[in-house]
Amino acid sequence: MAKITIDGKEYEVDPKLSVIQAAAQQGIEIPHFCWHEKLSVAGNCRMCLVEIEKMPKLAIACATQVADGMVVKTMSEKVIKARQAVMEFLLINHPLDCPICDEAGECKLQDYSYKYSVGYSRFEEDKVHKPKRVELGPNVMLDVERCIMCSRCIRFSDEIAKQPVLTFTERGTHVVLTTFPGTVLDNKYSMNVIELCPVGALTSRDFRFKSRVWEMSATESVCTGCSRGCNMNIWVRNNEVLRLTPRLNEDVNSSWMCDSGRLNTFKFVNSQERLNNSLIRKEGTLVETGWDEAIAKVVSELRVFKKTEIAAIGSAYATNEDNFVFQKLMKEIVGTKNIDFVPHMIEGDEDDLLIRADKTPNSSGALQVGVKPADGGLDLKGIIKGIGEGSIKALYVLDDDIAAIPEIASVLPTLQLLIVHSSVKNHTTELADIVLSCSAYAEKHGTFTNFEGRVQRIRPAVATVEQDRALDGFAMSRWDKFASPNDRWGRPIKKDARPSWRILGAIAGAMGAKVKYTTAEDVFKEMTERIPAFKGLSYLKIGSRGTMIKTSETVSSSVQMA
Amino acid sequence: MGSNGTMIRKKDLTIWQKTYIPEIVKGLRLTISQMFKPKFTYNYPEERFKPAASFRGRPVLAEENGVERCVACGLCSRVCPALAIEVQASETELEKERYPIKFEINMVRCIFCGFCEEVCPEEAIIMSNEYLLVFNNQEEAVFGKDKLLTPVEKLHDRLEFLREHR
């Protein structure tokens with residue numbers, strides 16, 4: 001350990017660290033633009049200049065290694081003056097674009113202007129003009145005028161995304177960030193440069209101009225795009241999901257998230273194709289009915305069939321809580337042994353960074369809570385075969401579009417009864433006799449277990465008909481807090497959906513079982529009592545970073561379907 | 001003052017005072033003298049008050065060359081203490097890059113404080129001299145772009161005033 005003094009206080013730090021890292025560990029912020037914990041040191045922004053005793057000039061904290069006896073001053077007059085000078089240089093050619101810039105509100109240059117700049121400009125000449133609205137790639141937009149040449153995006157593309165296409169050309173104030181001729185910034189992680197960019201030079205094409213940052217609320221959740229379970233924030237305004245951004249978790253996704261996860265996992269929540277309430281097929285068409293009627297119908301229809309004629313398909317997209325109540329209802333109350341779920345693997349679509357071939361967030365969780373055939377029961381292949389042969393006559397499907405798989409779709413029409421939980425209209429609801437609209441992941445509490453066996457929590461960010469943002473403890477923006485029913489923005493579209501565990505609990509209750517769940521946490525509590533791996537866990541213990549549990553089984557890729 | 005708080009007249013009025021004639025004459029004198037002084041009243045609605053440039057009437061959006069100046073930055077919406085303004089931005093081919101696809105001011109919420117005008121970086125939202133606001137229900141009170149857009153020529157006086165006094 002090395003003893004260093006920062007601003008008059010002595011600290012014991014790891015000698016391998018740089019000054020900026022050592023200071024950050026002690027909670028001292030040294031302002032910086034180009035330095036990033038996960039990237040190599042470039043040392044070109046000069047913002048982190050600090051005074052180090054016995055050094056002739058100010059040194060950059062990001063590229064100076066800690067040494068025993070080092071005395072660092074981060075707030076001396078010399079340092080403050082140097083910072084003000086750096087800020088002045090950076091702002092000389094930075095356009096006054098803040099009103100139209102998507103970064104405004106989460107911009108490092110803005111924040112530091114308040115904190116470390118003199119507050120006025122001495123520059124009266126014309127600013128340098130550079131290309132604006134440059135489409136760097138399919139997901140990223142570039143405004144070269146705003147760029148402060150920190151090179152974070154270049155280093156990210158080289159070191160993390162392994163697609164070295166970005167570079168600087170020209171010299172001095174005329175430096176331009178660009179792609180090499182004939183290349184575009186198009187890789188699976190390209191959108192991470194948007195958060196890396198300390199200014200608004202790189203912005204999302206999908207989120208472009210949709211909302212100001214301060215108008216949204218952020219809710220901690222987990223990405224459902226694959227079995228990695230990247231930690232992320234759901235950004236919501238007026239009850240509509242507008243973007244997803246990665247949330248730091250060293251044990252799962254570091255600071256990153258893939259483009260597919262960001263773009264493809266939230267749009268269905270806002271979609272027009274969402275289902276409302278419950279639907280029963282009457283004379284060939286699905287008709288909206290009340291929840292009570294639908295649940296009574298499910299119970300009476302299920303009673304028609306023998307236990308061996310009923311099969312159940314859980315879902316790797318559903319939470320542990322949903323799957324747990326599902327298998328409990330099927331095995332213990334309905335009494336069928338034929339229960340399994342459909343894995344969704346895309347073999348080969350995986351890499352060493354984040355992306356997994358298993359495209360569901362919870363396949364190990366589904367297995368662990370018991371979505372697997374009971375002794376003597378049929379597995380997925382057996383169920384499909386059984387439906388084809390006519391020995392399985394009724395099928396209950398939890399939130400999964402199984403009819404999108406041709407092999408399954410071809411046998412489904414032979415069923416006498418198909419009950420489906422779904423949040424959107426899809427191939428399976430087209431064939432279903434009873435559809436119960438279930439909450440999407442962004443509308444409920446619950447847990448997912450990722451491929452490593454890490455249990456992580458999801459939290460509701462979008463309110464359904466039965467929920468109220470204030471009363472149910474949602475993250476709230478200023479608009480959510482002050483809206484009245486007379487305001488147009490105070491009347492968001494709310495979907496009439498319920499979490500699957502609640503629907504299933506109601507069905508179990510209607511079939512005569514004693515059900516005592518009022519919250520997802522109640523279900524989780526029962527899981528901790530009945531499943532050894534979950535023993536001693538609670539929502540509080542899982543927290544925002546997740547907890548590792550022992551996984552006994554992994555999803556076998558041999559049963560791949562899609 | 002009596003014990004129950006009522007006024008007690010100590011001295012009774014004289015006969016001359018009891019006729020009330022002196023008081024009537026006093027009142028009439030005032031009335032007649034006012035009749036020949038300049039009038040401050042208007043024959044509303046035929047005659048209308050024209051406010052000075054410092055007057056804060058209903059906020060409007062300045063329209064220049066057929067396009068709103070607004071870039072939908074949302075600062076007016078953020079600064080509004082009454083949360084009267086809702087803005088939705090969108091992209092435009094014009095140089096300003098973004099414009100408000102939706103701009104609504106709820107005139108029931110608006111308190112005419114002028115903060116929106118003060119914060120606007122584009123001189124796009126301006127307190128006009130219009131003070132006649134009539135609506136029959138809450139929905140009608142939400143003014144969209146159709147009601148808000150005003151040619152910038154009409155707002156000349158106010159803009160001059162702002163440049164001088166800000």
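The values are calculated or read from the model by the stated rules, or taken from the named source; none is laboratory data. Predicted, not measured: the structure shown is a model, and the values here were computed from it. Quick reminder, even Gly has a Cβ in these numbers, built from the backbone with ideal geometry, and neighbours come from all protein chains shown.
Does A:Arg469 meet the test of being in a loop (DSSP other than H, G, I, E, B), crowded, with 19+ Cβ neighbours inside 10 Å and more than 14 Å from every other protein chain (Cβ to nearest Cβ)?
Yes.
Being in contact with a helix residue (DSSP H, G or I) (Cβ under 9 Å, 6 or more places away or on another chain) and of a type in the set (Val, Ile, Thr) is the filter; apply it to the range A:82-116 and report the residue that is farthest from the other protein chains (Cβ to nearest Cβ).
Going through the qualifying residues, I end up with A:Val86.
Just need a number here: residues in the range A:510-552 that are under 15 Å from A:Val369 (Cα atoms) and in a loop (DSSP other than H, G, I, E, B).
Qualifying residue count for the region: 7.
Quickly run through the range A:61-81 and pick out the residues that are among the hydrophobic types (A, V, I, L, M, F, W, C), assigned to a strand (DSSP E or B) and touching a helix residue (DSSP H, G or I) at 6+ places or on another chain (Cβ under 8 Å).
The answer is A:Val72, and nothing else.
Do we find that A:Thr219 is over 23 Å from A:Val269 (Cα atoms) and among the hydroxyl-bearing types (Ser, Thr, Tyr) in this structure?
Against the criterion (over 23 Å from A:Val269 (Cα atoms) and among the hydroxyl-bearing types (Ser, Thr, Tyr)), A:Thr219 does not qualify.
Among the numbered conditions (1) away from every other protein chain (no Cβ under 14 Å); (2) at pLDDT below 95, tell me where A:Asp487 comes up short.
Only one criterion in (1) away from every other protein chain (no Cβ under 14 Å); (2) at pLDDT below 95 is unmet by A:Asp487, namely (1).
How about the range A:181-232: which of its residues are more than 14 Å from every other protein chain (Cβ to nearest Cβ), over 25 Å from A:His32 (Cβ atoms) and of a type in the set (D, E, K, R)?
A:Asp186, A:Lys188, A:Glu220, A:Arg228
Determine whether the range A:171-180 contains at least one residue that is crowded, with 19+ Cβ neighbours inside 10 Å, under 21 Å from A:Lys108 (Cβ atoms) and within 14 Å of chain B (Cβ to nearest Cβ).
Scanning the range A:171-180, I find no residue that is crowded, with 19+ Cβ neighbours inside 10 Å, under 21 Å from A:Lys108 (Cβ atoms) and within 14 Å of chain B (Cβ to nearest Cβ), so the answer is no.
Any idea which residue in the range A:443-453 is surrounded by the fewest Cβ atoms within 10 Å (Cβ to Cβ), counting only those that are part of a strand (DSSP E or B) and either among the β-branched types (Val, Ile, Thr) or more than 15 Å from the chain's Cα centre (by Cα) (or both)?
So the residue we want is A:Thr447.
Determine whether the range A:118-136 contains at least one residue that is more than 13 Å from chain B (Cβ to nearest Cβ), aromatic (Phe, Trp, Tyr) and farther than 19 Å from A:Val175 by Cβ.
Yes, some residue in the range A:118-136 is more than 13 Å from chain B (Cβ to nearest Cβ), aromatic (Phe, Trp, Tyr) and farther than 19 Å from A:Val175 by Cβ.
From (1) crowded, with 23+ Cβ neighbours inside 10 Å; (2) assigned to a strand (DSSP E or B); (3) touching a residue at least 60 places away in the same chain (Cβ under 8 Å), pick out the condition that doesn't hold for A:Thr219.
(1)
Could you name every one of the strands (runs of 3 or more DSSP E) located completely within the range B:23-127 that has at least 1 residues being facing chain A (nearest Cβ under 10 Å), surrounded by fewer than 20 Cβ atoms within 10 Å (Cβ to Cβ) and not acidic (Asp, Glu)?
B:85-91, B:98-106
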